[in-house]
1. I'd like to know which of Ser269, Thr123, Ala149 lies farthest towards the positive end of the charge dipole of the chain, counting +1 on Cβ of Lys and Arg and -1 on Cβ of Asp and Glu.
2. Ignoring ligands and nucleic acids, what accessible area does Thr126 show with a 1.4 Å probe (Å², nearest 10)?
3. Please calculate the 1.4 Å probe accessible area of Phe127, with all protein chains present, and give it to the nearest 10 Å².
4. Can you give me the distance in nm between label points at Arg58 and Asp124, each placed 7 Å from the Cα along the Cα-to-Cβ direction?
5. Under the classification rounded if a/c is under 1.5, otherwise prolate if a/b is larger than b/c and oblate if not, where does the range 26-129 fall, given a ≥ b ≥ c as square roots of the Cα gyration tensor eigenvalues?
6. Using a Gaussian network model of the chain whose springs link C-alpha atoms within less than 10 Å, name the residue from Tyr314, Tyr272, Tyr39 with the highest mean-square fluctuation.
7. Most mobile of Lys204, Lys97, Lys308 per a Gaussian network model of the chain (Cα springs, under 10 Å)?
8. Report, in debye and to the nearest 20, how large the dipole of the range 155-295 comes out about its Cα centre when Lys and Arg carry +1 and Asp and Glu carry -1 on their Cβ.
Amino acid sequence: RGVNLLRKSRGATISKHDKHFLKFLLCFRNKRNYDEMLYSSKLVMGLLRQPLDVEYARLQDTNAGILSLKLDGEYRSDKSIQSNHQLLEWAYAPWYKPKTAMFWPDDLQPLVDEWTQIGLNVTDPTFATIRRTSTIEPDKSYVPSDDVAMDFLNLIAYKVDPAFQREMRALFKQNREKLGRTYPTGDRDLAVQSGPVKTKARQKIKVDLKYFVKPAPQSMAVLDIVRCGIVCEDSEELCSLYQLIMERFKGNILRVKNAFDDVKKGDDSHGYRAVMININFGDDEWNPKYRMVCEAQLLLNSYYQVRKDMHLGYGICRSEDGGKGNTTEPFIVLARDCAKFGNLEI
(Lines give C-alpha, C1' and ligand atoms only; values in the text may rest on other atoms or scores of the structure.)
Protein backbone atom coordinates (compact mmCIF):
# COMPACT_ATOMS: atom_id res chain seq x y z
CA ARG A 1 0.00 0.00 0.00
CA GLY A 2 2.86 2.37 0.80
CA VAL A 3 4.43 1.82 -2.62
CA ASN A 4 1.07 2.47 -4.28
CA LEU A 5 0.67 5.73 -2.38
CA LEU A 6 4.07 6.92 -3.57
CA ARG A 7 3.37 5.86 -7.16
CA LYS A 8 0.04 7.69 -7.22
CA SER A 9 1.61 10.86 -5.90
CA ARG A 10 4.09 11.04 -8.82
CA GLY A 11 6.10 13.63 -6.93
CA ALA A 12 3.03 15.58 -5.83
CA THR A 13 2.08 16.33 -2.25
CA ILE A 14 1.01 13.34 -0.14
CA SER A 15 -1.79 13.95 2.34
CA LYS A 16 -0.91 14.10 6.03
CA HIS A 17 -3.14 11.08 6.59
CA ASP A 18 -1.09 9.01 4.13
CA LYS A 19 2.18 10.33 5.55
CA HIS A 20 1.21 9.02 8.97
CA PHE A 21 0.37 5.61 7.55
CA LEU A 22 3.69 5.52 5.71
CA LYS A 23 5.39 6.06 9.07
CA PHE A 24 3.63 2.94 10.28
CA LEU A 25 4.79 0.92 7.28
CA LEU A 26 8.36 2.12 7.68
CA CYS A 27 8.78 1.53 11.39
CA PHE A 28 6.64 -1.54 12.08
CA ARG A 29 9.20 -4.00 13.45
CA ASN A 30 11.93 -2.09 11.67
CA LYS A 31 14.21 -0.31 14.12
CA ARG A 32 16.69 0.95 11.51
CA ASN A 33 14.05 2.96 9.64
CA TYR A 34 12.74 4.26 12.95
CA ASP A 35 16.17 5.52 14.03
CA GLU A 36 16.58 7.37 10.73
CA MET A 37 13.15 8.98 11.04
CA LEU A 38 13.83 9.97 14.64
CA TYR A 39 17.14 11.61 13.74
CA SER A 40 15.57 13.60 10.88
CA SER A 41 12.57 14.59 12.99
CA LYS A 42 14.76 15.97 15.76
CA LEU A 43 16.61 18.14 13.25
CA VAL A 44 13.35 19.49 11.85
CA MET A 45 11.83 20.06 15.29
CA GLY A 46 14.95 21.97 16.33
CA LEU A 47 14.43 24.37 13.43
CA LEU A 48 10.70 24.72 14.00
CA ARG A 49 11.09 25.62 17.67
CA GLN A 50 13.24 28.68 16.94
CA PRO A 51 10.33 31.10 16.35
CA LEU A 52 8.63 29.67 19.45
CA ASP A 53 11.65 30.50 21.58
CA VAL A 54 11.64 34.02 20.16
CA GLU A 55 7.94 34.40 20.99
CA TYR A 56 8.47 33.12 24.53
CA ALA A 57 11.25 35.64 25.07
CA ARG A 58 8.87 38.39 23.89
CA LEU A 59 6.23 37.23 26.38
CA GLN A 60 8.84 37.37 29.14
CA ASP A 61 9.99 40.83 28.12
CA THR A 62 6.42 42.18 28.29
CA ASN A 63 5.65 40.25 31.49
CA ALA A 64 2.57 38.79 29.79
CA GLY A 65 -0.20 37.59 32.08
CA ILE A 66 -0.07 34.09 30.60
CA LEU A 67 3.23 33.48 32.42
CA SER A 68 1.59 33.50 35.84
CA LEU A 69 -1.69 31.63 35.28
CA LYS A 70 -2.30 29.06 37.99
CA LEU A 71 -5.17 27.16 39.59
CA ASP A 72 -6.53 28.99 42.63
CA GLY A 73 -8.03 26.88 45.39
CA GLU A 74 -11.52 28.35 45.05
CA TYR A 75 -11.89 26.79 41.59
CA ARG A 76 -10.34 23.41 42.38
CA SER A 77 -12.50 20.30 42.53
CA ASP A 78 -12.56 18.08 45.60
CA LYS A 79 -9.01 16.75 46.02
CA SER A 80 -10.36 13.20 46.25
CA ILE A 81 -11.16 13.41 42.51
CA GLN A 82 -7.96 12.66 40.63
CA SER A 83 -9.22 10.84 37.53
CA ASN A 84 -12.19 9.09 35.95
CA HIS A 85 -11.88 6.39 38.63
CA GLN A 86 -13.57 8.53 41.24
CA LEU A 87 -16.20 9.84 38.83
CA LEU A 88 -17.29 6.50 37.37
CA GLU A 89 -16.37 3.81 39.88
CA TRP A 90 -19.97 3.70 41.11
CA ALA A 91 -21.03 2.70 37.58
CA TYR A 92 -18.41 0.04 36.76
CA ALA A 93 -17.80 -1.43 40.24
CA PRO A 94 -20.80 -3.82 40.08
CA TRP A 95 -19.38 -5.70 37.08
CA TYR A 96 -15.66 -4.91 36.79
CA LYS A 97 -12.99 -7.20 38.26
CA PRO A 98 -9.33 -6.61 37.29
CA LYS A 99 -7.79 -8.99 34.76
CA THR A 100 -10.75 -11.32 34.48
CA ALA A 101 -12.62 -12.70 31.48
CA MET A 102 -16.18 -11.61 30.77
CA PHE A 103 -17.96 -14.19 28.62
CA TRP A 104 -20.44 -13.72 25.81
CA PRO A 105 -23.36 -13.64 26.20
CA ASP A 106 -23.77 -14.44 29.92
CA ASP A 107 -21.63 -11.59 31.30
CA LEU A 108 -21.74 -9.13 28.43
CA GLN A 109 -25.30 -9.10 27.14
CA PRO A 110 -26.70 -7.66 30.40
CA LEU A 111 -24.16 -4.81 30.14
CA VAL A 112 -25.18 -4.05 26.56
CA ASP A 113 -28.81 -3.93 27.64
CA GLU A 114 -27.98 -1.61 30.56
CA TRP A 115 -25.84 0.71 28.47
CA THR A 116 -28.46 0.92 25.73
CA GLN A 117 -31.14 1.69 28.29
CA ILE A 118 -29.26 4.72 29.65
CA GLY A 119 -28.80 6.09 26.13
CA LEU A 120 -25.25 5.06 25.22
CA ASN A 121 -24.72 4.39 21.52
CA VAL A 122 -23.40 0.82 21.59
CA THR A 123 -22.02 0.45 18.08
CA ASP A 124 -20.64 -3.07 18.66
CA PRO A 125 -23.41 -4.74 20.72
CA THR A 126 -21.85 -8.21 20.49
CA PHE A 127 -18.24 -7.02 21.18
CA ALA A 128 -17.32 -8.76 17.92
CA THR A 129 -14.28 -6.54 17.31
CA ILE A 130 -12.61 -7.32 20.65
CA ARG A 131 -13.92 -10.79 21.58
CA ARG A 132 -11.37 -13.57 21.93
CA THR A 133 -11.55 -17.35 22.10
CA SER A 134 -9.75 -19.69 24.47
CA THR A 135 -7.92 -22.84 23.47
CA ILE A 136 -9.18 -24.44 26.67
CA GLU A 137 -12.83 -23.62 25.95
CA PRO A 138 -12.99 -22.83 22.21
CA ASP A 139 -16.78 -22.77 22.27
CA LYS A 140 -16.75 -19.81 24.63
CA SER A 141 -15.70 -16.30 23.60
CA TYR A 142 -14.78 -13.59 26.05
CA VAL A 143 -13.54 -10.03 26.47
CA PRO A 144 -10.96 -9.04 29.11
CA SER A 145 -12.66 -6.93 31.76
CA ASP A 146 -10.15 -4.11 31.23
CA ASP A 147 -11.16 -3.87 27.57
CA VAL A 148 -14.82 -3.74 28.60
CA ALA A 149 -14.01 -0.90 31.02
CA MET A 150 -12.26 1.03 28.24
CA ASP A 151 -15.26 0.50 25.96
CA PHE A 152 -17.57 1.79 28.69
CA LEU A 153 -15.46 4.92 29.20
CA ASN A 154 -15.38 5.60 25.47
CA LEU A 155 -19.13 5.21 25.08
CA ILE A 156 -19.54 7.89 27.75
CA ALA A 157 -16.92 10.03 25.99
CA TYR A 158 -18.82 9.95 22.70
CA LYS A 159 -22.00 10.90 24.57
CA VAL A 160 -20.38 13.79 26.46
CA ASP A 161 -18.17 15.16 23.67
CA PRO A 162 -20.80 17.19 21.73
CA ALA A 163 -21.93 19.03 24.88
CA PHE A 164 -18.31 19.77 25.87
CA GLN A 165 -17.49 21.20 22.44
CA ARG A 166 -20.66 23.35 22.48
CA GLU A 167 -19.77 24.69 25.92
CA MET A 168 -16.25 25.62 24.83
CA ARG A 169 -17.50 27.35 21.68
CA ALA A 170 -20.02 29.34 23.73
CA LEU A 171 -17.31 30.45 26.17
CA PHE A 172 -14.99 31.41 23.32
CA LYS A 173 -17.75 33.54 21.77
CA GLN A 174 -18.67 35.11 25.13
CA ASN A 175 -15.06 36.03 25.78
CA ARG A 176 -14.54 37.61 22.34
CA GLU A 177 -17.66 39.73 22.77
CA LYS A 178 -16.66 40.68 26.31
CA LEU A 179 -13.34 42.02 24.99
CA GLY A 180 -15.03 43.83 22.11
CA ARG A 181 -13.35 41.63 19.53
CA THR A 182 -14.81 40.41 16.27
CA TYR A 183 -16.91 37.24 16.37
CA PRO A 184 -16.97 35.22 14.20
CA THR A 185 -13.29 35.90 13.89
CA GLY A 186 -13.08 35.49 10.12
CA ASP A 187 -10.04 33.27 10.68
CA ARG A 188 -10.52 29.51 10.72
CA ASP A 189 -7.57 29.12 13.06
CA LEU A 190 -8.83 31.59 15.67
CA ALA A 191 -11.53 29.29 16.97
CA VAL A 192 -12.26 26.23 19.05
CA GLN A 193 -10.40 23.38 17.37
CA SER A 194 -12.53 20.40 18.31
CA GLY A 195 -10.34 17.33 18.15
CA PRO A 196 -11.93 13.91 17.72
CA VAL A 197 -12.34 11.63 20.70
CA LYS A 198 -8.91 10.11 21.37
CA THR A 199 -8.59 6.72 19.70
CA LYS A 200 -8.50 3.61 21.84
CA ALA A 201 -5.18 2.70 20.20
CA ARG A 202 -3.62 5.91 21.56
CA GLN A 203 -5.28 5.39 24.94
CA LYS A 204 -3.73 1.93 25.17
CA ILE A 205 -0.30 3.34 24.40
CA LYS A 206 -0.67 5.89 27.20
CA VAL A 207 -1.73 3.13 29.57
CA ASP A 208 1.23 0.92 28.58
CA LEU A 209 3.79 3.72 28.90
CA LYS A 210 2.48 5.94 31.68
CA TYR A 211 -0.59 4.73 33.51
CA PHE A 212 0.26 1.06 34.07
CA VAL A 213 1.09 1.98 37.69
CA LYS A 214 -2.37 3.46 38.29
CA PRO A 215 -5.23 1.55 39.91
CA ALA A 216 -7.26 -0.75 37.68
CA PRO A 217 -8.86 -0.19 35.28
CA GLN A 218 -5.91 1.90 34.10
CA SER A 219 -7.88 3.29 31.15
CA MET A 220 -9.75 5.48 33.65
CA ALA A 221 -6.51 7.40 34.26
CA VAL A 222 -6.50 8.86 30.72
CA LEU A 223 -7.80 12.41 31.13
CA ASP A 224 -7.84 13.79 27.58
CA ILE A 225 -10.16 11.41 25.72
CA VAL A 226 -12.58 14.29 25.21
CA ARG A 227 -10.55 17.39 24.35
CA CYS A 228 -10.34 20.57 22.36
CA GLY A 229 -7.85 23.32 21.58
CA ILE A 230 -8.92 26.97 21.81
CA VAL A 231 -6.75 29.32 19.78
CA CYS A 232 -6.49 32.90 21.05
CA GLU A 233 -5.03 35.99 19.37
CA ASP A 234 -2.82 37.03 22.26
CA SER A 235 -2.10 36.71 25.96
CA GLU A 236 -4.87 39.14 26.91
CA GLU A 237 -7.56 37.08 25.20
CA LEU A 238 -6.20 33.81 26.55
CA CYS A 239 -6.04 35.06 30.15
CA SER A 240 -9.57 36.43 29.94
CA LEU A 241 -10.86 33.13 28.56
CA TYR A 242 -8.98 31.24 31.25
CA GLN A 243 -10.76 33.22 33.95
CA LEU A 244 -14.11 32.71 32.25
CA ILE A 245 -13.55 28.93 32.24
CA MET A 246 -12.55 29.04 35.91
CA GLU A 247 -15.77 30.83 36.82
CA ARG A 248 -17.96 28.60 34.64
CA PHE A 249 -16.57 25.38 36.12
CA LYS A 250 -15.86 26.60 39.62
CA GLY A 251 -15.37 23.62 41.91
CA ASN A 252 -14.87 21.24 38.96
CA ILE A 253 -11.29 22.01 37.86
CA LEU A 254 -9.01 19.03 38.56
CA ARG A 255 -5.74 20.57 37.46
CA VAL A 256 -4.06 23.22 35.34
CA LYS A 257 -0.76 22.65 33.54
CA ASN A 258 0.71 25.95 32.42
CA ALA A 259 3.71 25.37 30.15
CA PHE A 260 4.37 29.13 30.07
CA ASP A 261 5.18 29.50 33.77
CA ASP A 262 8.69 27.99 33.53
CA VAL A 263 11.19 28.38 30.72
CA LYS A 264 12.37 24.78 31.15
CA LYS A 265 8.95 23.34 30.32
CA GLY A 266 9.45 24.13 26.65
CA ASP A 267 12.40 21.76 26.44
CA ASP A 268 10.18 18.70 26.86
CA SER A 269 7.90 19.75 24.00
CA HIS A 270 10.33 21.22 21.44
CA GLY A 271 9.42 24.77 22.42
CA TYR A 272 5.66 24.25 22.15
CA ARG A 273 3.61 25.59 25.06
CA ALA A 274 -0.06 25.72 26.02
CA VAL A 275 -2.29 25.98 29.09
CA MET A 276 -4.11 22.70 29.73
CA ILE A 277 -7.20 22.58 31.93
CA ASN A 278 -8.79 19.31 33.10
CA ILE A 279 -12.47 19.66 33.91
CA ASN A 280 -14.97 17.39 35.65
CA PHE A 281 -17.70 17.55 32.98
CA GLY A 282 -21.02 15.94 32.18
CA ASP A 283 -23.93 16.45 29.84
CA ASP A 284 -26.76 17.21 32.25
CA GLU A 285 -29.33 17.15 29.45
CA TRP A 286 -28.43 13.52 28.81
CA ASN A 287 -27.74 12.20 32.31
CA PRO A 288 -26.26 14.25 35.19
CA LYS A 289 -24.93 11.12 36.92
CA TYR A 290 -22.33 10.30 34.28
CA ARG A 291 -19.32 12.61 34.36
CA MET A 292 -15.75 12.31 33.13
CA VAL A 293 -12.55 14.34 32.94
CA CYS A 294 -12.25 16.43 29.76
CA GLU A 295 -9.42 18.68 28.63
CA ALA A 296 -9.37 22.20 27.20
CA GLN A 297 -6.03 23.35 25.81
CA LEU A 298 -5.62 27.12 25.48
CA LEU A 299 -3.17 28.16 22.76
CA LEU A 300 -1.72 31.34 21.39
CA ASN A 301 -2.17 31.66 17.64
CA SER A 302 1.57 32.21 17.18
CA TYR A 303 2.20 28.79 18.72
CA TYR A 304 -0.68 27.14 16.90
CA GLN A 305 0.71 28.13 13.50
CA VAL A 306 4.00 26.40 14.26
CA ARG A 307 2.26 23.40 15.85
CA LYS A 308 0.56 22.61 12.54
CA ASP A 309 3.99 22.09 10.99
CA MET A 310 5.26 20.21 14.05
CA HIS A 311 2.55 17.57 14.09
CA LEU A 312 4.28 15.00 11.91
CA GLY A 313 7.66 15.26 13.64
CA TYR A 314 6.15 15.43 17.11
CA GLY A 315 4.46 12.07 16.63
CA ILE A 316 7.84 10.53 15.90
CA CYS A 317 9.76 12.28 18.68
CA ARG A 318 7.26 11.50 21.44
CA SER A 319 7.55 7.77 20.71
CA GLU A 320 11.17 7.95 21.92
CA ASP A 321 9.83 7.81 25.48
CA GLY A 322 8.76 4.20 24.94
CA GLY A 323 9.86 1.29 27.08
CA LYS A 324 11.69 -1.97 26.44
CA GLY A 325 8.82 -4.45 26.20
CA ASN A 326 7.51 -6.17 23.08
CA THR A 327 4.73 -3.59 22.75
CA THR A 328 6.50 -0.52 24.15
CA GLU A 329 9.81 -0.26 22.29
CA PRO A 330 9.89 3.18 20.64
CA PHE A 331 9.67 1.98 17.04
CA ILE A 332 6.72 -0.28 17.92
CA VAL A 333 5.01 2.53 19.83
CA LEU A 334 5.21 4.69 16.70
CA ALA A 335 3.82 1.85 14.58
CA ARG A 336 0.93 1.39 17.01
CA ASP A 337 0.28 5.12 17.00
CA CYS A 338 0.14 5.37 13.20
CA ALA A 339 -1.67 2.10 12.45
CA LYS A 340 -5.03 3.84 12.92
CA PHE A 341 -4.43 5.78 9.70
CA GLY A 342 -4.67 2.47 7.85
CA ASN A 343 -7.68 1.36 9.87
CA LEU A 344 -5.49 -1.08 11.76
CA GLU A 345 -4.95 -1.73 15.45
CA ILE A 346 -1.82 -3.48 16.74
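1. Of Ser269, Thr123, Ala149, it is Ser269.
2. 50
3. Solvent-accessible area, nearest 10 Å²: 0 Å².
4. For Arg58 paired with Asp124, the spin-label model returns 4.7 nm.
5. Oblate.
6. Tyr39
7. Lys308
8. That gives the range 155-295 a dipole magnitude of about 600 debye.
The values are calculated or read from the model by the stated rules, or taken from the named source; none is laboratory data. Keep in mind that this is a model prediction, so the values were computed, not measured. Don't worry about glycine lacking a Cβ; one is built from the backbone with ideal geometry, like all the others, and counts go over all protein chains shown. Just the protein is used for accessible areas: all its heavy atoms, side chains included, with ligands, DNA and RNA removed. Shrake-Rupley method; radii C 1.70, N 1.55, O 1.52, S 1.80 Å.
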